[in-house]
Amino acid sequence: HKGLIQDLAFSPCDTLLASLGGPDDNNLVVWEVARGVAVRGELAGGNTVLTCAWFNNTSTHIVTGGKYTLRIWEFTTNEDGVGGRLTFEEVVLGQIKRVFRAIAIDDQDVFCYCGSDSGDVIRISLVSARFSLACRQRFECGIKSLACFRGDMGANNLLVGSGNGDLAMIRDFDII
């Protein structure tokens, strides 16, 4: 990267690292951790990309989000283990225009939850790469962090950290 590193995420097998460069290069780079070498890099989007997260059950898929962009990436390695490919599918958001700062993926890799500067959380279907649902609650000063976990009744729960210091739990999109 040319300067700023915007975000980092380890793959579930801990052998790969994804890094996002800042606005000066805006690249998504996949690194092989053991050798400390970049395996593949691609321009992460036309607008600034701010956050990334690997799927939880595979080291082949990454989600990136940022200014008016949300993408699902597939990383495939060459047979010899050197190099690879990064291809993406743009998530269909319809009329939604947001700056995404936080991403959390459910434990089954079915849904991705994205927190925005405008303080809302949206749910994306990772299977169809489409907007699924929006939380009615908005959080002041935007959403800065998200964590997803399975609740007692099997529902996806979210912990939401907002820019004004609030910490909230969302149980299946009902605010607690």
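The values are calculated or read from the model by the stated rules, or taken from the named source; none is laboratory data. None of these values were measured; they are calculated from a predicted model. Glycine also receives a Cβ, built like all others from the backbone with ideal geometry; neighbour counts cover every protein chain displayed. Note: areas computed on protein heavy atoms with side chains; ligands, DNA, RNA excluded. Shrake-Rupley method; radii C 1.70, N 1.55, O 1.52, S 1.80 Å.
Quick look at the numbers
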| item | result |
| --- | --- |
| At most 14 other Cβ within 10 Å, DSSP loop - GluC sites (Glu not before Pro), segment 35-107 | 79 |
| Overall dimensions of segment 1-79 as given by Cα atoms, namely Rg and Dmax in Å | 11.7, 35 |
| Principal axis dimensions, segment 49-148 - Cα atoms, whole angstrom, descending | 49, 24, 23 |
| Given the chain, longest segment not containing exposed loop trypsin sites (Lys or Arg not before Pro) (DSSP; at most 14 other Cβ within 10 Å) | 36-96 |
| Per residue value of the accessible surface for segment 1-148 (all protein chains in place, 1.4 Å probe), Å² | 48 |
| For the chain, built as a Gaussian network whose Cα springs stay under 10 Å, the top-fluctuating residue of 155, 53, 44 | 155 |
| In Hz, Karplus ³J(HN,Hα) per residue of segment 41-48 (6.51, -1.76, 1.60; θ = phi - 60°; x = Gly, Pro) | x, 9, 4, 7, x, x, 10, 4 |
| Area projected by the alpha carbon convex hull of segment 88-132, averaged over all directions, nm² | 3.2 |
| Carbon and sulfur %, accessible surface of the chain computed with the full protein complex present, 1.4 Å | 49 |
| Between segment 18-78 and segment 134-156, the Cα center-to-center distance that results, in Å | 23 |
| 5 angstrom amide H check on residue 33, placed H, neighbours 5+ away | 16, 17 |
| Max mean-square fluctuation residue, GNM over the chain, Cα-Cα springs under 10 Å, options 142, 151, 163 | 151 |
